[in-house]
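The values are calculated or read from the model by the stated rules, or taken from the named source; none is laboratory data. Note that the coordinates shown come from a computational prediction; the quantities given were computed from them, not determined experimentally. Ideal geometry is used to build each Cβ from the backbone, glycine not excepted, and the neighbour counts take in all protein chains shown.
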Number of protein chains: 4
Amino acid sequence: MQNTQLPPRIKVGVLGITGMVGQRFALLLQNHPRFELAAVGASPRSVGTRYADAVSWHMSEPIPPALADMVVQACEPVAFTGCPIIFSGLDAAVAGELEMAFVLAEFAVFSNAKNHRMHPLVPLVVPLVNAHHLRIIPFQRRAWGVQRGFLVTNANCSTTGLAVALQAMKCHVAPLARVLVTTMQAISGAGYPGVASLNILGNVVPHIGGEEGKIESELAKILGAVRVNAEPGFTNLPGMRVSASCNRVPVIDGHMGSVFVEFAEGDPSVDTCVDAVKRAFSTYIPPGLKTLSLLASPLLPAHAIVLREEVDRPQPRLDALTGSGMSVVVGRVRACPVFERGIKFTLLAHNTVLGAAGSSILNAEIAVAMEYCDALLK
Amino acid sequence: MQNTQLPPRIKVGVLGITGMVGQRFALLLQNHPRFELAAVGASPRSVGTRYADAVSWHMSEPIPPALADMVVQACEPVAFTGCPIIFSGLDAAVAGELEMAFVLAEFAVFSNAKNHRMHPLVPLVVPLVNAHHLRIIPFQRRAWGVQRGFLVTNANCSTTGLAVALQAMKCHVAPLARVLVTTMQAISGAGYPGVASLNILGNVVPHIGGEEGKIESELAKILGAVRVNAEPGFTNLPGMRVSASCNRVPVIDGHMGSVFVEFAEGDPSVDTCVDAVKRAFSTYIPPGLKTLSLLASPLLPAHAIVLREEVDRPQPRLDALTGSGMSVVVGRVRACPVFERGIKFTLLAHNTVLGAAGSSILNAEIAVAMEYCDALLK
Amino acid sequence: MQNTQLPPRIKVGVLGITGMVGQRFALLLQNHPRFELAAVGASPRSVGTRYADAVSWHMSEPIPPALADMVVQACEPVAFTGCPIIFSGLDAAVAGELEMAFVLAEFAVFSNAKNHRMHPLVPLVVPLVNAHHLRIIPFQRRAWGVQRGFLVTNANCSTTGLAVALQAMKCHVAPLARVLVTTMQAISGAGYPGVASLNILGNVVPHIGGEEGKIESELAKILGAVRVNAEPGFTNLPGMRVSASCNRVPVIDGHMGSVFVEFAEGDPSVDTCVDAVKRAFSTYIPPGLKTLSLLASPLLPAHAIVLREEVDRPQPRLDALTGSGMSVVVGRVRACPVFERGIKFTLLAHNTVLGAAGSSILNAEIAVAMEYCDALLK
Amino acid sequence: MQNTQLPPRIKVGVLGITGMVGQRFALLLQNHPRFELAAVGASPRSVGTRYADAVSWHMSEPIPPALADMVVQACEPVAFTGCPIIFSGLDAAVAGELEMAFVLAEFAVFSNAKNHRMHPLVPLVVPLVNAHHLRIIPFQRRAWGVQRGFLVTNANCSTTGLAVALQAMKCHVAPLARVLVTTMQAISGAGYPGVASLNILGNVVPHIGGEEGKIESELAKILGAVRVNAEPGFTNLPGMRVSASCNRVPVIDGHMGSVFVEFAEGDPSVDTCVDAVKRAFSTYIPPGLKTLSLLASPLLPAHAIVLREEVDRPQPRLDALTGSGMSVVVGRVRACPVFERGIKFTLLAHNTVLGAAGSSILNAEIAVAMEYCDALLK
């Protein structure tokens, strides 16, 4: 065995630790090689309570023993002193203000909430797609008057997986013209208590509030460019139009999507399209990650995209945990008869791992590797 | 009370009476004002058995008492003498030959099976869409050398509802250019035993064998024209391209669809599109049916299409039985951002009522009203 | 047709009309031959609103059109003037006081709430078991100082079906010694939003707050005697001990029970026991109902108990609607090897029809037929 | 790190490798420290096929890579030469003869099938209950005329968990008089395709063929004594009577049971009963296992029984994987009002891990540790 030595673990805090995303954070941070969960916060009614008594635990794995006895804190910066990195699984109703308070108090905040995603100076990062958007951080700090703190958001749970698949096609097949997606989303995406059983048992609900707009607008930012010039900010991907139709289905974990894609231009025939897309999926390597020393991360999947060739995959119950829930699983890639240059396929991503807490933690690892946290870690 | 008198009921037989579609036939023919279930047939292992002993009954209503004691016959014309009209819920594996034998033996056969749907002289009829396709019958008889018998098919369960909605738009909004549909289909559509519970409980299966091709090809025929000239047959609807992506979901009854439609031409803005489509849905009256005396039919719904304005409807568990399962329920009509002139909406149809046995029976009623059965009923 | 004439319909009101039980009341009162739904009440946030706008409707049948446009009233006697009969589907949190206010204001109240069930002068009536307990009404009126009003409760949803089956055995087999029941209860029993889908999808929850105690205590009162002497009240059934273990299962409607029964005495062998119990179930006629003119009631099932002989029935999805949801369905009657004189069987009752609104309405019909409402109806 | 050295791994074969139990064997043997999966067998239609092509895989973890490419063999001894230990997940239809052929060919066979469980010389072993029953092996060999081979069975999936809980009470509380259990069993217990989705979605089926008899008879043998004297065999536990009522519920993995227990004698009050039972559950250590060097086994759970004190646990979705699926989880221990000295409680066991493949493998480990395989391993 080599005489290598890991650097000491960085203390991190989680806001919203009792919610569904918070519980997933707890599991993913358990035994994490770089981060140590040192403080947890939740809403006032839980503050001062032992975690195991405050939480209505819904994971099939047990509460991490070290967490069970931690006392829940108020979501205020003073309670998280010593934790330079903060993960937020807060509800949108409170996330906006609370997260900003932490940034202004010089914490690095990685948020799952929707509140700041579309802010012109906040990176919206799917770690296996656009980690380079973190380059906005110095400009964000300057604008907000902070020295070391910053705010990074990750995408909506139903956006994340699609962003990875579209990035692979955009980079390796052709520019994207039209994307139509019908989602079939798991109930864990609605939090707890979330969806009433009378609404969803043996049923499909063809509506998830605000979801379609999020998918349509977030994809344009994620797949677009970051500007680090005199006019810092983000430029939406030009030319791509997206239309989403969102449904809730009686599935525990794993958001499915039936996706139709039209490519913008190029001369490949439809058959070639299918081959090119399969190749893009099988060989996709997230841009820029190769150079980072993230090898120890349990959250970096061996394959960002896993292509299944079976006729009836992916399926949420069987495939959501592919790559420990951090891989996007695609299948049924075939020609789409309504487009000259188009394909259709099925997509699956674990909504609370890749689609929420997992991406948030991986974003933090990347930010550390890219040295944006150095000032915080001194 | 008026001194009207209903004509005597016509004796009918059902082939495949023990299957899921056959059971639905049994329920829909119970107390039917024009048809009387007089003979039932099934596979050899059930022949000679009392129905209640032969069937694995899966409906939430009980077996019709008159049927319970009927003896199951072999699916041969000789066993159905006296029943001029035959409904077929046979499996595709045997339907092709058996149905044709009945036609050649001078029965009127109304079939749910896929075998003959695309035959150039067989009408593929969604009763609330293209009943006029029955006008091919004389040409079919001539070609097959029969005097009174004929064969009418109805569409695949996931095609039927979509055909109604598309017909309404095609007639009252604009020509159709592109149709993309993602289905979420109920397990009863797969028959019994059909889908194994380990495959579908808490899961979605993104594949139904042959289903996508059926939707794509059947719609073109149904929405197309019938030719009753020197070259009798059917002409596919020109200009419309269809792409389907089919999924099985853990729902008992009711096939859902998320549909995206692009219109071919015209100057209405997108907003106008949505209004025009809603109006087309709300006011749709099946062409030609007004003149037929079908008023007594329990299978003719008050509204062929029911438009829901709530944000989260239709839902299979709540809405599949709208119009006793014979109405198409649509909702969430809204603009589709990827098309200049397009909309998206959600569609629901009961797969074993409107999507199977119900349409078959209504087709027979229409054929009687259009006097195609007169030679048989003498 | 005879020249009979139905008496005019009695106007009734429903409290808690937006809840799950209230919605069931609405469906069961639709087209009721004796009762006319004339006023509806709900919690303050719905008051003044059109019903269709106030309710989150969960039934698979649509909202009765006449109800859709009714304006929701406050649950105060003044708003229900002209409705001598009041049905209550109120939550226990408010039912206690509100129902009593209506009684004191001289209404006949039929309640589903648990609050007054065990009161020594309030009859707890399962209509097909102990309608004679209504004889306490005059004593109740005297004690409470009212002239025409009174209060009748019906049993907990999981108690009701069991009470019918036990009464049949107690009357026609032998005295009951021990009853052990494990329930598997539907989610609709918990109201709306009720059980969170994350708790119950693909799961069983072995706990329903307070349910076991209700079953154990209510059965003793229902199966016991009414005293209409100098010490009016109820005497628990002596000798019977009950133990319940309650579970929630992912079923929409229909509470199942696996029941084990030991009889107290007698010399029949175990085999005879099974036969005697089957006979008791098949032939059970509710005591006293024969003499009442309830024949027009859509809520009086043809058979109070339906015995299934198939090896795998009853099942909630197939059998809950037996007798329009008012029959108790039993099956799998067999010897119980741990008792000398005992049997085990499976029981099913529709929890919101027989187990709630249906029994309440039938209780009111019986009370009318027994002339307890005469003073109210003048 | 010490200079310890594990002995070389023993090659094992699995019969019935494509079924549900076989798939679980595959996962549990992956990375097993003592056993190496070296040969796999299945029915004739799979023989000669690559495993990944032959199997319809239903686990949420992927096929072990080493297994994916193995070629499926016929279930004949000659194909398993070099594998002294054979695990059988065969269907009962073929298990009887095939397993016996392997024993006579001098293999040690550990079987999940029901065929030989009640044979007077075959041990029926729940590893955490009655490992000492393996002492019958020399007598079995003599009777069957084999030198090294032998046959060990494990119990039915719904018997296993209950046996552990009853053994803890029998050893540490009081003799058992009556046991009544209502099971709520997962669909994976029925194999694949097993239960049709139309039968179980949103439903409960109150019947599992043969299951109740198995529970009642197997428990008496497991909890009874082994005779290794002049009349070798097994003596049923005297005094205990068992009654089971079995139900199928829409749950993937994990058999639940609502259990009622009456103790035979003793003076503790009911309250003391509950305390004594909780203590027995919390402190239960399987007899005899302490002395065996099984410490490296991934299948020996830290706690044979895990007692939950929450009011609503255990639940299959949350708790079935406790102790990696090898712990029995109990909860809701409380007095049972129908018995002087009795309790009721809820029990959960993973039906394909503890209830099938896991117990089989642990039985093999124990047999190796008890040196019954020494002749085979030379």
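Quick notes
- When residues of region D:341-360 are limited to those that are away from chain C (no Cβ under 14 Å) and among the aliphatic types (A, V, I, L, M), the one surrounded by the most Cβ atoms within 10 Å (Cβ to Cβ): D:Leu354
- Look at (1) under 25 Å from A:Ala280 (Cα atoms); (2) surrounded by fewer than 24 Cβ atoms within 10 Å (Cβ to Cβ); (3) not hydroxyl-bearing (Ser, Thr, Tyr) and you find that A:Ala196 fails only one, number (1).
- Check on C:Ala68, touching a Cys at 6+ places or on another chain (Cβ under 8 Å) and either of a type in the set (A, V, I, L, M, F, W, C) or modelled with pLDDT of 95 or more (or both): no
- Reported count of residues in region C:309-325, each being more than 9 Å from chain D (Cβ to nearest Cβ) and of a type in the set (A, V, I, L, M), is 2.
- Unmet requirement for D:Leu151, which otherwise passes all of (1) under 20 Å from D:Asp253 (Cα atoms); (2) in a strand (DSSP E or B): (1)
- So B:Arg248, is it surrounded by 24 or more Cβ atoms within 10 Å (Cβ to Cβ) and of a type in the set (Lys, Arg): yes
- Qualifying residue in region A:152-175 (condition: surrounded by fewer than 22 Cβ atoms within 10 Å (Cβ to Cβ), among the polar types (S, T, N, Q), at pLDDT 95 or above and more than 12 Å from the chain's Cα centre (by Cα)): no
- Test: residue in region B:235-242 that is surrounded by fewer than 18 Cβ atoms within 10 Å (Cβ to Cβ), more than 14 Å from chain D (Cβ to nearest Cβ), free of Cβ contacts under 8 Å to residues at least 12 places away in the same chain and in a strand (DSSP E or B): yes
- Single condition A:Ser56 does not satisfy, out of (1) under 20 Å from D:Arg308 (Cα atoms); (2) surrounded by 14 or more Cβ atoms within 10 Å (Cβ to Cβ); (3) in contact with a Phe, Trp or Tyr (Cβ under 9 Å, 6 or more places away or on another chain): (2)
- Hey, A:Pro316 surrounded by 23 or more Cβ atoms within 10 Å (Cβ to Cβ), touching a Gly at 6+ places or on another chain (Cβ under 8 Å) and closer than 20 Å to D:Glu61 by Cβ or not: yes
- In region A:103-136, residue farthest from A:Thr153 (Cα to Cα) [restricted to those that are without any contact (Cβ under 8 Å) to a residue 60 or more places away in the chain and of a type outside the set (Gly, Ala, Ser)]: A:Leu104
- Test: C:Arg178 is basic (Lys, Arg), touching a residue at least 12 places away in the same chain (Cβ under 8 Å) and farther than 30 Å from C:Ala230 by Cβ: yes
- Top-ranked residue in region B:251-267 [being hydrophobic (A, V, I, L, M, F, W, C) and under 23 Å from B:Ser217 (Cα atoms); ranked as surrounded by the fewest Cβ atoms within 10 Å (Cβ to Cβ)]: B:Ala264
- Residue satisfying condition, being away from chain D (no Cβ under 14 Å), surrounded by fewer than 24 Cβ atoms within 10 Å (Cβ to Cβ), among the β-branched types (Val, Ile, Thr) and touching a strand residue (DSSP E or B) at 6+ places or on another chain (Cβ under 9 Å), within set C:Val338, C:Val368, C:Val328: C:Val368
- Any chance D:Ala143 is within 11 Å of chain C (Cβ to nearest Cβ), outside any loop (DSSP other than H, G, I, E, B) and surrounded by fewer than 24 Cβ atoms within 10 Å (Cβ to Cβ): no
- Residues in region C:6-26 that are touching an Asp or Glu at 6+ places or on another chain (Cβ under 9 Å) and in contact (Cβ under 8 Å) with a residue 60 or more places away in the chain were compared, and the one that is farthest from C:Cys83 (Cα to Cα) is C:Gly19.
- Note on region C:218-234: residues that are of a type in the set (Val, Ile, Thr) and either in a loop (DSSP other than H, G, I, E, B) or within 14 Å of chain D (Cβ to nearest Cβ) (or both) amount to 1.
- Within region C:190-217, considering residues that are within 23 Å of the chain's Cα centre (by Cα) and either away from chain D (no Cβ under 14 Å) or part of a strand (DSSP E or B) (or both), the one farthest from C:Lys114 (Cα to Cα): C:Pro193
- From the options C:Arg178, C:Arg148, residue that is more than 26 Å from C:Gln73 (Cβ to Cβ), among the charged types (D, E, K, R) and either more than 20 Å from the chain's Cα centre (by Cα) or surrounded by fewer than 22 Cβ atoms within 10 Å (Cβ to Cβ) (or both): C:Arg178
- Residue in region A:6-20 that is among the hydrophobic types (A, V, I, L, M, F, W, C) and within 14 Å of chain C (Cβ to nearest Cβ) present: yes
- Matching residues, region B:243-253, being outside any strand (DSSP E or B) and in contact with a strand residue (DSSP E or B) (Cβ under 9 Å, 6 or more places away or on another chain): B:Val249, B:Val251
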